[in-house]
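Every read-out reported here was derived from the displayed coordinates using simple, explicitly stated rules and does not represent laboratory data. Because the structure is predicted, anything quoted here is derived from the model rather than measured. Cβ coordinates were reconstructed from backbone atoms using ideal geometry, including for glycine residues, and neighbour counts include every protein chain displayed.
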Amino acid sequence: MTSHTSEGTTPWPADLAAEFRAKGYWEDRALGSYILETADRLPHKIAIVDGDVRLTYAELANRMDAAAERLLQLGLKADDRIMVQLPNGWQFALLTLACFRAGIIPVMALPAHRQYELSFLTELSESRAIAVPDVIKDFDHQAMAEELAASIPALEIILVSGTAKPLNVRLEEILAPLKDVSATRARLDAAAPSPDSPALFLLSGGTTGLPKLITRTHNDYAYNIKACSIPTAVTEDTVYLGTLPASHNFPLACPGILGILFAGGRVIMLPSPEPRKAFAAIEREGVTLSTAVPAVAQRWIEYQQETGSSQLATLEVLQVGGSRLPDEIARKVKPVLGATLQQVFGMAEGLINTTRLNDPEDVICTTQGRPVSEADEVRIVDESGKDLPDGVPGSILTRGPYTPRGYYRAPEANARAFTPDGWYASGDIVERRPDGNLIVQGRDKDMINRGGEKISAEEIESLVYRIEDVTMAAAIAMPDQVLGERLCLYITVKPGTEVTLEQIQDLLRRTGVAAFKIPEHLVVVDELPTTKVGKINKKDLRADIAERLAAAGSQGK
Ligand code: OOB
């Protein structure tokens, strides 16, 4: 059984949609058309570099259309969903573009995801296909995809990048060029997806339970990309290094890979931000712009301080976001790396804030910037929903032309995260300065932000309860020098029993949970503190772990 994706989505009200069109935010074009336009303008310019592979815009457009048609020939139809779990590489970029062109909806899974996440996402999205690498770091993704297909009848097609087994489809064959693509192009143009239809599914950062799917339409995502390209000053001379997992909104579209391809710049794809390789790529390709989470920015700063390398001479701008960048690290970016820092406070659900390249140092180093679009609405409210004055931290609410009004098929989550008039509550505690810049002060959502990767506390707790001897479980963030936060688990156990961290880690691994979600520290206590209404008091637990870590640290000295 398949169903139409629009059934599970929440459209913008018609009057607002009309306004977004009238103001030119929504251009009523499918995402693939922007690539064709760049290819017409700059056919011989290099679009994508991945190791020895260098694709010009003409080649990119040719392969995008060739691949779109081959996906349709495999039996996929417009509006079908495909799970995409690929590392950063030319294959990821091309498959994504081909999907946009054919109206097939990619579900942006992470390379780190395992059976547990993928089976949930495949079923929720009713995906008919999955694209995986063959093997990465000894993990057999192809075998995992086959297991998924064996248990989910709707999942019929397995695309494999690298070495595909006989019954699977080799992704590189789908992405191969065509000698003459003109007839294909005409057919695809004639069947172009509606600009209001979903272009892709992003994954939510995980506030409650399993990840939710965020429907992004062609219109809204194109505007996200264009609006982000302005404050980051993207032009056809931009050379972008993408090292964060490309299925994240930040490196994909803020302005990211897609923004650079829209503008005719060059995208360098690297599967890891490891400084030695990243710096070499920056030097080799003359990279001008890159994107990092704070932990990566810190590693790059340390590496540069250790080596005093001259490899970063061309790097003009480093965007940092995904979690709070400490002011002390922010202040080192320009002096050490020589690049202007752009702080980015964004979310896959929409709203993107950035500092501007010509902002005063104080704004760049101590704030997370302001919305990229004049049409972004932001409110800071107290617990009763009353607007707060500037300078007083409160919960952020937002809506606008690229902030969808609901998750896909998630009425309960929608009731929690969206107000009836369409405001999205991200769960961040934010202060707005009189100059309009936002400072992220904390959050009131039950999530752990591990170096930019989001972990839902509830998701982990429900898994830990599968251990019979665990009576209570609370997953919290513990402070960490490198990643900002790591996952710490507090539990109580049945009298006379023992539960170890290894046992919990082992269970989660066997369940097929992404490695970044596996608890790294365990505290077994007799009782968990509770609030007046009887909920586990996580604030007390966070204070407790901070104390324990401080005590352990001072003992160690
Ligand atoms: C980005 O997107 P998500 O969906 O993975 O996570 C969104 C959440 C925000 O609600 C906030 O809690 C946190 O990540 N966050 C930050 C931050 N940027 C994101 N917290 C503090 N300071 C920042 N600069 O993380 C994302 C999407 C697009 C662009 C940039 C980041």
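For this structure, a couple of remarks:
- Computed with the Debye formula from one identical point scatterer per Cα of region 447-555, without solvent, the log10 of I(q)/I(0) at q = 0.14, 0.23 Å⁻¹ comes to -0.54, -1.40.
- In the chain, Rg over Rh equals 0.95, where Rg is the alpha-carbon radius of gyration and Rh the Kirkwood radius from pairwise Cα distances.
- Cα-based Rg / Dmax (Å) for region 45-161: 14.1, 45
- Mean shadow area of region 146-196 over all directions, Cα convex hull, nm²: 5.8 nm²
- Ignoring lysines fewer than eight residues from residue 45 along the same chain, the ones with Cα atoms less than 22 angstrom from its Cα are 179, 226.
- Cut-off 13 Å between beta-carbons: net charge of the residues surrounding residue 502, Lys and Arg +1, Asp and Glu -1: -1
- Overall form of region 374-442 per C-alpha gyration tensor (a/c, 1.5; a/b vs b/c): prolate
- For region 1-55, the extents of the C-alpha atoms along the principal axes are 46, 38, 16 Å, listed from largest to smallest.
- Debye log10 I(q)/I(0) at q = 0.17, 0.18, 0.20 Å⁻¹ for region 225-332, Cα point scatterers: -0.74, -0.84, -1.04
- Residue exposure proxy: 148, 289, 210, ordered by other Cβ atoms within 10 angstrom of their Cβ from fewest to most, comes out as 210, 148, 289.
- Here the residues 6, 197, ranked from fewest to most Cβ neighbours within 10 Å of their Cβ, fall in the order 6, 197.
- Listed by chain and number, the lysines whose C-alpha is less than 20 Å from the C-alpha of residue 535, apart from same-chain residues fewer than 8 away, are 445, 494.
- Fewest-first ranking of 240, 57, using other Cβ atoms within 10 Å as the exposure measure: 57, 240
- Anchor residue 517: aspartates and glutamates whose Cα lies under 17 Å away (excluding residues fewer than 8 positions away in-chain): 117, 446, 453, 458, 459, 461, 480, 485, 502, 506
- Residues with amide H under 5 Å from that of residue 522, placed H, sequence gap 5 or more: 489
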